[in-house]
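The structure appears right after this line, and notes come after that.
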Amino acid sequence: MGGLSVETLGYLGPVGTHSEAAALYLNEQLPEKCELVPLANIYAAIHAVETGAVDTCLVPVENSIEGSINITLDTLANSDGLKVIRELIWGVHNHLMARDVRYPITKILSHGQPLAQCREYLMSHYPDAELDAVVSSAAAASQVGEMPADSGWAAICTQRAGQMNGLVALAHNIEDQHNNSTRFYQLARKDYEAELQEEKTLIICQIDGKDAGRLCEVLLEMATRDVNMTRIESRPARTGLGEYIFFFDVDVPKRVVNLDAAMQGIRRKSIWLKNPGRFPVLRADGRKS
C-alpha cells in the first residue's frame, strides 16, 4: 500500500476475543505493524475491507470441531473485489472464569462456538448449569465481571478477557479436543499489493449438479495433474434447490503450470469460477489466548 500511514487490520471484536488474540499474533509476524480495529461481527469486518474503511481484515473460516464459518465462505463466493492474502491456523484454548472460585456455578456464558467446543466438559462438570450464548466470549467475560462475586455466573473466554474483567480461572483448556484450532483468512481488496509466498490457494466454483459425474470430473482435473486438494466444502448457491457452490483448498504445486491447467479445466466444467488469491500459511499454537 502506498503512503506513510499505518495499515489497519480489522478483526472480530471486541477486545479480548480469540479473534483479537489471533490478530495480535499475526501483527507480530508482519514486517510492518498494523493498527488493530475491532469490528462488530464478521460481515462488518469484511465489509470494512470492501469499502476501504480498513486495509485488511482477519476473519475465521473454519473450526476443527464445529466446521466452516458459513458467512465467510458465502461472502467470498459473492464478492468479486476480495482476495485472500494469508491463512493463519490458530490453536484455540478456552478457559472457564468467574468472579470468585468459592461459589457454585449456575450459569455459563460464552459465544456459541466455545460453548459447542466445550460441550462434553460442561456436561460432565456442570450438568445443571444454564448455558447462555452471547455475542462474543469477550462480552461473556464483561457480563460476568459486572455480576456480584456470589452470582454463580461464569464465562468461557480467553485469559486476557477474563483478567480484563476481574475474573479468575476455574479451569484452563476446557475444550473437548485439545488440538482444537481455527483457520483464519486475512482478506484484502483485489488491488492490494503484496509479494507473498504462494503456498496455498482457494478455488470457488458453481457446477451443474444435474450433470451426472460433473463433480468427479472437476476433481480429476486436479488429481490427474498432481494438484493436492486438502479440503472440499459445499454451500447452497441460493439459485435453486439442489444447486451448490464448491470451495476447494489446494496446495500450490512446485509446477505452478499444473495448477493453472487444472483451473482452466475446472473453469470449462463450471458455471463460474473464482480464485481469490494464492497465499502463505502461518501456524500458531494459541498459547497467548
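Against the list (1) out of contact with any His (no Cβ under 7 Å at 6 or more places or on another chain); (2) at pLDDT 95 or above, the condition SER181 fails is (2). Out of all the residues in the range 208-217, is one or more surrounded by 12 or more Cβ atoms within 10 Å (Cβ to Cβ), outside the structural domain of HIS47 (by TED's automatic domain parsing) and either closer than 19 Å to THR72 by Cβ or among the aliphatic types (A, V, I, L, M) (or both)? Yes, some residue in the range 208-217 is surrounded by 12 or more Cβ atoms within 10 Å (Cβ to Cβ), outside the structural domain of HIS47 (by TED's automatic domain parsing) and either closer than 19 Å to THR72 by Cβ or among the aliphatic types (A, V, I, L, M) (or both).
Cβ-Cβ contacts under 9 Å between residues 6 or more apart (or on different chains), taken from a first residue in the range 218-240 that is in a loop (DSSP other than H, G, I, E, B) to a second residue that is of a type in the set (Asp, Glu), are listed as VAL227/GLU221; VAL227/ASP251; ASN228/ASP251; ALA237/GLU243; ARG238/ASP74.
For the range 50-76, a residue qualifies if it is in a loop (DSSP other than H, G, I, E, B) and acidic (Asp, Glu), and the qualifying residues are ASP55, GLU66.
In the range 252-265, is there at least one residue being at pLDDT 95 or above, surrounded by 15 or more Cβ atoms within 10 Å (Cβ to Cβ) and within 22 Å of the chain's Cα centre (by Cα)? Yes, that holds for at least one residue.
What is the residue count in the range 260-283 for residues that are farther than 25 Å from LEU30 by Cα, touching a residue at least 12 places away in the same chain (Cβ under 8 Å) and in contact with an Asp or Glu (Cβ under 9 Å, 6 or more places away or on another chain)? The number of residues fulfilling the criteria is 9. Only residues that are assigned to a strand (DSSP E or B) and either under 13 Å from VAL101 (Cα atoms) or without any contact (Cβ under 8 Å) to a residue 40 or more places away in the chain (or both) were counted across the range 155-175, and they come to 5.
Only a single criterion out of (1) surrounded by 22 or more Cβ atoms within 10 Å (Cβ to Cβ); (2) closer than 23 Å to ILE204 by Cβ; (3) in contact with a Ser or Thr (Cβ under 7 Å, 6 or more places away or on another chain) is not satisfied by LEU9, namely (2).
The values are calculated or read from the model by the stated rules, or taken from the named source; none is laboratory data. What you see is a predicted model; the values in this text were computed from it and never measured. Ideal geometry is used to build each Cβ from the backbone, glycine not excepted, and the neighbour counts take in all protein chains shown.
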